[in-house]
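Nothing in this text is a laboratory measurement; each read-out follows from the coordinates by a stated rule. Treat the numbers as computed from the prediction; the structure is a model and nothing was measured. Note: ideal-geometry Cβ built from the backbone for every residue, glycine included; neighbour counts use all protein chains shown.
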Protein chains: 2
Amino acid sequence: MGEIGLYEAMSSCRAVRRHRSDEIPDEVVRRLVEAATWAPTGANNQPWRVIAVRDAELKQGLQELYLGPWNAYEQSARRAIDGLEGESRASQERGLAAATHLAHHMHRSPVIFVFCFNPERMAITDAEQPRPSVVGGGSVYPAVQNLLLAARGEGLGCVLTTLLCMKEPEVRALLEIPEPWATCAFVPVGVPASRGHGPLSRRPPEKMAFLDRWGAPLF
Amino acid sequence: MGEIGLYEAMSSCRAVRRHRSDEIPDEVVRRLVEAATWAPTGANNQPWRVIAVRDAELKQGLQELYLGPWNAYEQSARRAIDGLEGESRASQERGLAAATHLAHHMHRSPVIFVFCFNPERMAITDAEQPRPSVVGGGSVYPAVQNLLLAARGEGLGCVLTTLLCMKEPEVRALLEIPEPWATCAFVPVGVPASRGHGPLSRRPPEKMAFLDRWGAPLF
């Protein structure tokens, strides 16, 4: 069996939030981490590390911490959905049901990857702009995306979550993460328990891209 | 010819900073943008857009803006390199030479992709943490990484740069980007003019990953 094609992997790598608890072999975990290392980082500093959380108690600790911000998020998401109708509403309902399942069963996923970063090793070029900074993310989320794609390639389901950043002090204590390292992504991974990978729901390129200037159609 | 394999693309997708000025066909530009759309974003909001800058004057405008922050960066990089020796120094010298070439010739690349984002459409879960925020980047840099990988798959060289975020007001005026949209990545793309893709220089997975707790070896 040859490896999965690049476009095939990218075009079917959707959020998979229901996992079987089957263990993931060490060599697969290693391939996922290695894929993450291949991503670019500013000045090739690789200012991130990843903790593969496989211990049952620690995973449960993360799941319990997750419920606080999740319950607040779920309420606002529920209110937003109540304002929708038809297929749009049905689609959002399915997504919310899967995300609710994840919030209550994350500890059953065999591995939760916790990505950490060191802001002192980053050149954050938008730090002075009068709006939220994102550039530090340019040295961590390409690595996260590589791991998601590698998981897709291995037939594993996963999803990028960031809600636990709201509980960073507690996560830092639980996983013994030293200052100034901080958290930026939490990725539960496991064999898909239901539909798994498949077509994505996205805006078409025509609505996402411009030619030369804002607003000018690219195609 | 089948499409490139996922791991093959990821493991050879290094920064390529010297490009020929050959035009990139429209259908290839579209495939790169479509690959970006496949990336995950928070709540599937897709709070980014990309401008494919192909106009010669606009590309030159970006290149001229780049030189200011580049010259400052080059001086500090030069001082850092002067403290190194041997192969480490030689490797850094090669990187700096390529980056200097890019700074002076970026407008010769056939396309510069300028990624923009809307902070008002992002749930920035680390906004309250007492350290630089990165989570907004979680809804843009996976898309940028998909575009880089797609370019690799198409045989095109590219590199993720963020220095121009330091000139955001000027870039916004040049490309007519409306508030509150902001800039997060600048990706010149073109046919490689020299070595192109190949092996990466990265720390091994053993130095990037832990098991369960910070500091515990994963493998």
Open item on the list: As a test of the definition: which semi-axes, in Å, follow for the stretch A:1-56 when you take the square root of five times each eigenvalue of its alpha carbon gyration tensor? Largest first, please.
Closed with: 22, 19, 12
TODO: Rank A:PRO132, B:HIS197, B:CYS184 by how far each Cα sits towards the positive end of the charge dipole of the protein assembly as shown (+1 on Lys, Arg Cβ; -1 on Asp, Glu Cβ) and give me just the farthest.
DONE: B:HIS197
Task: Shielding by partners, peptide B:197-204 (average Cβ within 10 angstrom, other chains) - done: 3
Open item on the list: Could you give each residue of the stretch A:162-176 its phi-based ³J(HN,Hα) in whole Hz, using Karplus coefficients 6.51, -1.76, 1.60 with θ = phi - 60°, and x for Gly or Pro?
Closed with: 10, 4, 5, 4, 5, 10, 4, x, 5, 5, 4, 5, 5, 9, 6
TODO: Please express the Cα-Cα pair-distance distribution P(r) of the stretch A:31-149 as a list of whole percents, one per 10 Å bin, running from 0 to the bin with the greatest distance.
DONE: 12, 27, 32, 25, 3
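Can you give the percent of C-alpha pairs in the protein assembly as shown whose distance is more than 29 Å?
Summing the P(r) tail past 29 Å for the protein assembly as shown gives 43 percent.
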Task: Dipole magnitude of chain A, debye to nearest 20 (Cβ charges: Lys/Arg +1, Asp/Glu -1, about Cα centre) - done: 520
Open item on the list: Could you sort the peptides A:79-88, B:194-203 by per-residue average Cβ neighbour count (10 Å cutoff), highest mean leading?
Closed with: B:194-203, A:79-88
Open item on the list: How big is the dipole moment of the protein assembly as shown about its Cα centre under a simple scheme where the beta carbon of each Lys and Arg is +1, that of each Asp and Glu is -1, and everything else is neutral? Debye, nearest 20, please.
Closed with: 240
Task: Stokes-Einstein translational diffusion, the stretch B:1-95 - Kirkwood Rh over all Cα pairs, 1.306 mPa s, 10 °C, in µm²/s - done: 90
Open item on the list: Suppose we look only past 15 Å in the calculated P(r) of the stretch A:167-219. What percent of the Cα-Cα pairs does that tail hold?
Closed with: 71
TODO: Could you work out the mean count of beta carbons from other protein chains within 10 Å of each residue's beta carbon in A:149-159?
DONE: 2
TODO: Take chain A, drop everything but the C-alpha atoms, weight them equally and run the Debye formula without solvent; then report log10 I(q)/I(0) at 0.12 Å⁻¹ to two decimals.
DONE: -0.74
Open item on the list: Going by Cα centres, the stretch A:15-93 and the stretch A:155-185 are how many Å apart?
Closed with: 10
TODO: Over the alpha-carbon set of the stretch A:84-166, divide Rg by the Kirkwood Rh and report the Rg/Rh ratio to two decimals.
DONE: 1.06
- [ ] Using the charge dipole of the stretch A:1-74 (Lys, Arg: +1 at Cβ; Asp, Glu: -1 at Cβ; taken about the Cα centre), state which of A:ALA56, A:GLY2, A:TRP70 has its Cα farthest towards the positive end.
- [x] A:TRP70
Task: Per-residue [θ]222 nm for the protein assembly as shown (sum of -39500 (n - 2.57) over DSSP H runs n ≥ 4, rounded to 500) - done: -12500 deg cm²/dmol
TODO: Go ahead and run the numbers for FRET between B:ARG94 and B:SER21, Cβ-Cβ distance against an R0 of 30 Å, rounding to 0.05.
DONE: 0.85
